[in-house]
Amino acid sequence: MAQIAKIDAQAEIKSSPDKFHGFFKNNITSFPQMFPQIFKSVEVVGGDSEPTCSSLILVRVSSMRFESQPREGPVTAKIKIPAVDDEITSINFVVLDGDVLKLYKTFKAKLEISKAGNGGSTVKWTLEVEKANANAPEPKLYADHAIKVSKGIDAYLGRD
């Protein structure tokens, strides 16, 4: 029987949904410079250079670093971004290949940014995985890093 795990993580940020969404969508390859403790490299390996609602982009993330990762060594992933919705400020991600799929048969993530009452935004990450086996960890570690990256982007955007 398939072991599906789903986890939501969210954070309040000061940036507007459009500003945060636009930066995340258009600057994913700058993540290693912004977050060297997490990403060694991120490169676009196919698809459109600027993802849109109807486009497909393939991204290779090599050597993600996790403080408490469930395995030794770096984690790699080839990620497809099958949907970007500028109107509702969301981005969908699907892992196609890499070390992440040694733990999970499937790994999907959705980023949604919505207006918050304080003039800022709420960033919500939804991760859904199908575990490769009963020993595969819950995806909490990945959700925690997604929130850390989101807060880092927000801090960067607050400087300009």
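Only the coordinates and a few stated rules stand behind these numbers; no lab work does. Keep in mind that this is a model prediction, so the values were computed, not measured. Neighbour counts run over all protein chains shown; Cβ positions are idealised from the backbone, glycine included.
Modelled label positions at residue 3 and residue 122, each set 7 Å beyond Cα in the direction of Cβ, lie 3.1 nm from each other. Per-residue 3J(HN,Hα) values for the stretch 10-21, derived from phi via the Karplus relation 6.51 cos²θ - 1.76 cosθ + 1.60 with θ = phi - 60°, read 9, 8, 8, 10, 8, 6, 6, x, 5, 5, 5, 4 Hz in sequence order (x marks Gly and Pro). Between the C-alpha center of the stretch 137-160 and that of the stretch 1-48 there is a gap of 8 Å. When 114, 90, 121 are arranged by Cβ crowding within 10 Å, least crowded first, meaning fewest neighbours, the order is 114, 90, 121.
In this structure the amide hydrogen of residue 116, modeled in the peptide plane, comes within under 5 Å of the amide hydrogens of 121, 122, none closer than 5 places in sequence on its chain. 3J(HN,Hα) along the stretch 105-111: 5, 9, 9, 10, 9, 10, 10 Hz, from the Karplus curve 6.51 cos²θ - 1.76 cosθ + 1.60 with θ = phi - 60°, whole Hz, x for Gly and Pro.
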